[in-house]
Amino acid sequence: MFDVHCHILPGIDDGSKSVTMSLEMLRLEAEQGIEGIVFTPHFYASQNSPETFLSRREQALKELEGSLGLLASVPRFTVGSEVHYFRGMSRSDSLESLCIGNSNFILIEMPFREWQPVFVDEIEEISTVHGLKVIIAHIERYFNQDKKLVKRIIENPDLLIQCNAEFFIEKKTSSKAIKFLKKGRVDLLGSDSHNLDDRRPNLAEALAIIERHDKKGALDHINRMSRTVFEQAR
Ligand SMILES: [Fe+2]
């Protein structure tokens, strides 16, 4: 299994605070049998230019790579970003540089404020005009948004849907997560892990729950999709 969304790179966002923490997070991922990881630090257009972000990301990756020898085994990894929605993003020339590795998959975090139709218009344009394959990060966090707009995303076959492990693990959302999984619209999973405390790598726990309920090959689909993202990233 692959973790396509996490904040394991050290010192770049509100995720891992140090190389030591990143190494322990990676150790947990390996222990859980995770085969590949996409490092997806937050990109906020209001805080950094893409160039600054990319050079900070490269620096963080270098620091981590310098210490990987300390681990007995390391999952495969590639870098991407979690691009927070910004107005006008569908006209930005920088989107390609924020994609996952060399692929044209881009992980986008929608706004948490009340959605306007233009938000979804722009996301759809990114896919039709730029030809990028948009992955909507943790869709479950938006289930309280305008139902029609959420439906537009879920029913658009050009958009990929990522869910967080937590959606399946948390008691209050687990049955909703299984119901959503059964609709066949979960394309990718992520731990969205940030630390070693309340947001630690936890994909294996979610996978065990999914395996118990999956009768229609949802997990095979997720595995196939993750593999495709990973292979195209190289
Ligand atoms: Fe995230």
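What follows is calculated from the coordinates using simple rules that are stated; it is not laboratory data. Being a predicted model, the structure only gives us computed values, none of them experimental. FYI the Cβ positions are ideal-geometry reconstructions off the backbone, even for glycines, and counts take in every protein chain you see.
Close amide H partners of Phe43, meaning residues 5 or more places away or on another chain with modelled amide H under 5 Å apart, are Glu82, Val83, His84.
Across the alpha-carbon atoms of segment 5-94, the computed radius of gyration and Dmax are 13.9, 45 angstrom. Across segment 202-216, coupling constants 3J(HN,Hα) worked out from phi with the 6.51/-1.76/1.60 Karplus curve, θ = phi - 60°, read 9, 5, 4, 5, 5, 4, 4, 5, 4, 4, 5, 10, 7, 10, 10 Hz, and Gly and Pro carry x. Once the C-beta distance of Ser174 and Gln116 is scaled by a Förster radius of 41 Å, the resulting FRET efficiency is 0.85 to the nearest 0.05. With contacts taken as Cα pairs under 8 Å and at least 6 residues apart, segment 105-176 reaches a relative contact order of 33 percent. Annotation: amide H of Cys99 has no partner in the under-5 Å range at sequence separation 5 or more or interchain, hydrogens built in the peptide plane. Built from the Cα atoms of segment 4-46, the convex hull projects on average onto 3.0 nm², one quarter of its surface area. Of the GluC sites (Glu not before Pro) found in segment 150-234, those that fall in a DSSP loop while having at most 14 other beta-carbon atoms within 10 Å are Glu155, Glu170.
Placing a label point 7 Å from the Cα of Glu31 along the Cα-to-Cβ direction, the residues of segment 61-76 with a backbone N closer than 17 Å are 70-75. Whole-Hz Karplus values for segment 178-185 come out as 5, 4, 5, 4, 5, 6, x, 10 Hz, taken residue by residue from phi with 6.51 cos²θ - 1.76 cosθ + 1.60 and θ = phi - 60°; glycine and proline positions read x. Each Cα pair under 8 Å and six or more residues apart adds its sequence gap; the mean of these over the residue count of the chain is a relative contact order of 23 percent. Placing a pseudo-label 7 Å from each Cα along the Cα-to-Cβ vector at Asp93 and Glu205 gives an inter-label distance of 4.5 nm. In the chain, the calculated helix contribution to ellipticity at 222 nm averages -12000 deg cm²/dmol per residue, counting -39,500 (n - 2.57) for every DSSP H run with n ≥ 4.
Please report Rg over Rh for segment 2-233, where both radii come from the alpha carbon positions and Rh follows the Kirkwood definition.
Dividing the radius of gyration by the Kirkwood radius yields 0.94.
Counting other Cβ atoms within 10 Å, keep those with at most 15, restrict to DSSP loop, and tell me which GluC sites (Glu not before Pro) in segment 1-59 are left.
Sites meeting the loop and neighbour criteria: Glu35.
Taking amide H positions as modeled 1.01 Å from N, with prolines and chain starts lacking one, the residues under 5 Å from Ser193 and 5 or more places away or on another chain are His7. Once the Cβ-Cβ distance of Glu65 and Asp197 is raised to the sixth power relative to R0 = 35 Å, the FRET efficiency obtained is 0.90.
When restricted to Cα atoms, segment 71-187 yields an Rg and a Dmax of 15.0, 48 Å, respectively. Extension gain for the segment Arg212 to Phe86, taken as residue separation times 0.36 nm less the Cα-Cα distance, is 41.5 nm to one decimal. Charges were assigned to the Cβ only: +1 to each Lys and Arg, -1 to each Asp and Glu. The resulting dipole of the chain about its Cα centre is roughly 780 debye. The length gained on full extension between Arg224 and Tyr44, counted as 0.36 nm times the residue separation minus their Cα-Cα distance, comes to 61.8 nm.
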